[in-house]
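The values are calculated or read from the model by the stated rules, or taken from the named source; none is laboratory data. Keep in mind the model is a prediction, meaning the values are calculated, not measured. With ideal geometry, Cβ positions are generated from the backbone for all residues, glycine too; neighbour counts draw on all protein chains shown. Accessible surface is based on the protein model in full, side chains and every heavy atom, while ligands, DNA and RNA are left aside. Shrake-Rupley method; radii C 1.70, N 1.55, O 1.52, S 1.80 Å.
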Amino acid sequence: MSITYHESTKTFHLTNGKISYLMKVLPNGALGQLYCGQAIRDRENFDHLLEMKHRPMSSWVFEGNKLFSLEHCRQEYPSYGSTDYRHPAVQLIQPDGSRITDFVCESHSVTPGKPAL
């Protein structure tokens, strides 16, 4: 299995030659899924797989950018309290009683081989 990370587009491509799994750091810092299926050839940019489209009545993450809405993105680990109104993967209760979480991708590392259990 190989893991390729493209810094310029913040895209991860995991493949074993038979399947490909693509993830991308979304504009808000969350990790989103772009593709899962038959193996595809690696390239620098897979942004055409991220659906950025204006939809009336959608909630937007960034003021003035009506193309990016979390309710229309496939997220790797959706959380509660964002503009995604689907069921979250996790819901935490903060010390102040709030349930709002905002997970963002801060760093990553790709290591050779499989770590020991």
Under the rule rounded for a/c under 1.5, else prolate if a/b exceeds b/c, else oblate, using alpha carbon gyration tensor axes a ≥ b ≥ c, the chain is classed as oblate
Extension gain, Glu106 back to Thr83 (0.36 nm per residue minus Cα-Cα distance, nm) | 6.2 nm
Expressed per residue, the solvent accessible area of the chain in Å² (1.4 Å probe) is about 70
Over the chain, with every protein chain in place, what whole percent of the accessible area is carbon and sulfur at 1.4 Å, could you tell me?
-> 55
Mind checking the dipole of the chain: about its Cα centre, +1 per Lys or Arg Cβ, -1 per Asp or Glu Cβ, Debye to the nearest 20?
-> 420
If you stretched the chain out fully between Asp47 and His6, how much longer would it get, using 0.36 nm times the residue separation minus the C-alpha to C-alpha distance?
-> 13.6 nm
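Under the rule that an exposed site lies in a DSSP loop and has at most 13 other Cβ atoms within 10 Å, name the longest stretch of the chain with no chymotrypsin sites (Phe, Trp or Tyr not before Pro) of that kind, not counting the sites themselves.
The longest such stretch corresponds to 1-61.
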Find the lysine pairs in the chain meeting two conditions, Cα atoms under 29 Å apart and a separation of 8 or more places or different chains, and report how many there are.
-> 10
Work from the charge dipole of the chain (Cβ charges, +1 for Lys and Arg, -1 for Asp and Glu, about the Cα centre) and give the residue of Leu49, Gly81, His6 farthest towards its positive end.
-> Leu49
Label-point gap, in nm, between Leu92 and Asn16 - each point 7 angstrom along Cα→Cβ = 3.2
Trypsin sites (Lys or Arg not before Pro) restricted to DSSP loop in the range 12-42 with at most 14 other C-beta within 10 Å = Lys18, Arg41
